[in-house]
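These notes are about the structure you will find just below.
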Amino acid sequence: MRKILESVTGVFTGTDMDLTWTLDQQQHGMLGEQIQDDSVWVTKTHFPMMRFERNEFKANKLIYITRHPVDVFASQATLMLGASHSLEPAKPWNEFKIWPHFVKNYIPLFRDFHAYLERQSKKTPTFFLTYEDLVFN
């Protein structure tokens, strides 16, 4: 989504994440990594789920892109355990011994994240869409 916005507008998109987490993205053309000022029109955040020791993230509009609940856990596991959203594990995540523990620990985190964004959408104009809609349509 960010790459499309950058291509169309010519304006870099930012993120509230530290370069420690996103240097690879910056090296592959996402030059707004770690920028959160007026030079970017769109800033990616995972707030409040992943605060990265930063203050509360504020915006005047939100685009909330979510994934199908079944896919969220595998995507998160690939990111947290494989440091990538695009790599695939050698076998399905549910075949790893860590899987039940991982899912159990992340259910409250995802639930709280979604509840926060539902509350926030009552104060801030929010456009909800799914990752699957972006991919398929």
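Table for the structure above
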| quantity | calculated |
| --- | --- |
| In segment 103-137, residue modelled with the lowest pLDDT [restricted to those that are in contact with a Phe, Trp or Tyr (Cβ under 7 Å, 6 or more places away or on another chain) and surrounded by 14 or more Cβ atoms within 10 Å (Cβ to Cβ)] | L117 |
| In segment 17-58, the residues that are within 22 Å of E118 (Cβ to Cβ) and modelled with pLDDT of 75 or more | V42, T43, K44 |
| P108 part of a helix (DSSP H, G or I), within 26 Å of L62 (Cα to Cα) and out of contact with any Pro (no Cβ under 9 Å at 6 or more places or on another chain) | yes |
| Count of segment 83-102 residues which are charged (D, E, K, R) and at pLDDT below 90 | 1 |
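The values are calculated or read from the model by the stated rules, or taken from the named source; none is laboratory data. Everything numeric in this text was worked out from a predicted model, so none of it was measured. For neighbour counting, all protein chains shown are included, and Cβ atoms are generated from backbone atoms with ideal geometry for every residue, glycine included.
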